[in-house]
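Every number in this text was worked out from the coordinates using simple rules, so none of it is lab data. Bear in mind that the values here come from a model prediction, so they are computed numbers and not experimental data. Please note: Cβ atoms are built from the backbone with ideal geometry, for glycine as well, and neighbour counts cover all protein chains shown.
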Amino acid sequence: MTTLPNKKVSVVVPNYNYARYIKRRLESVVRQTYPIYELIVLDDASSDESVKLIRQKIAEVKRRYPKLRVRIVENEKNSGKAIAAWKKGIELAKGDYVWIAEADDLCSRGFLKEAMKGFEDPEVVLSYTESAIINGVGLMIAPNFRWSRDKEKTGHYARNYVRDGREEVEEIMAIRCTIPNVSAVVLKKDKRYLKYLDESLKFTQAGDWYFYAKVLENGKIAYNRKALNKFRIHGGSVTAGAKNVKRHLQEIEEMHEYFNKNYKLSSVVEERMEAEMERVKERLKNK
């Protein structure tokens, strides 16, 4: 990390009770082949040993990379929502680009270098890579997430691409949230995103979907098909219980209504949205 590139990237690591993952996660961030500008660790009032371990790791990182801006920000009370941490991180970030690297995920050393290639097009506002899926102990569950995001088998993710953000929404993101994990995303910093995140707080499960769509109203999206992000799936289902299932379905309906109202959707996409709703209902009916 000796030569800082022109594009300054702030890395925000939101953490809540991930003591078992946090040191390795921070190491995966600072060892990127694309030098980072600053590292901000946000602890959301963890009750485990997270803060102690974060402080230890930060002290080590400062010794190894004395020119790197590093700090920990500790909440006195738990915010209860990941979106709130995203907003705080973007507010605090001093770089021109923001990578929200969630504490329980991992990545390959070349993740940031590949993701930043998307911004070679100055109109790109969001660049992301494919994600592999790992479990609680780090074993791979699936080599990529393409099978889940392109259920219609259109081949949309067969190659890298840069395209207009609204077109991306109208063709595929209106159907389902096609960015499965924020850790795979780098954003060009924009003050408008704070408003979008405030609006996202009304959702319990679709806030990320809404946020990505709003960001893409401002420019292009870049996708890299290399699975350089490692999305950790662990614990119980967030949709368990009748109340959460009902809310989950309601939020999908709200998002579909938003897209129908604000975008020019083809009849094919509208049919796929209806099919997606029925698929989700079938999947959740026994929850």
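Can you give the longest stretch of the chain with no exposed loop site, where a site means GluC sites (Glu not before Pro) in a DSSP loop (not H, G, I, E or B) with at most 15 other C-beta atoms within 10 Å?
Longest gap between qualifying sites, sites excluded: 153-287.
Here His234, His156 are placed in order of increasing Cβ neighbour count within 10 Å, fewest first, which gives His234, His156.
Size descriptors for segment 102-212: radius of gyration and Dmax over Cα atoms are 14.5, 39 Å.
Relative to the 2.2 N^0.38 Å rule of thumb, segment 158-259 has a C-alpha radius of gyration ratio of 1.13. When the trypsin sites (Lys or Arg not before Pro) in segment 92-132 are filtered for DSSP coil states and for at most 15 other beta-carbon atoms within 10 Å of their beta-carbon, the remaining sites are Lys94, Arg109. The ranking of Val162, Val268, Val215 from fewest to most other beta carbons within 10 Å of each one's beta carbon is Val268, Val162, Val215. Annotation for segment 177-234: trypsin sites (Lys or Arg not before Pro) lying in DSSP loop with at most 13 further Cβ atoms inside 10 Å of their Cβ are Lys191, Lys202. Specify which labelled value, from [x] 22.0, 67; [y] 18.1, 66; [z] 18.6, 58, agrees with Rg and Dmax of the Cα atoms in Å derived from the coordinates of the model shown. From the options [x] 22.0, 67; [y] 18.1, 66; [z] 18.6, 58, the structure gives [z]. Ordered by the number of other Cβ atoms lying within 10 Å of each residue's own Cβ, fewest first, Cys107, Cys177 fall into the sequence Cys177, Cys107.
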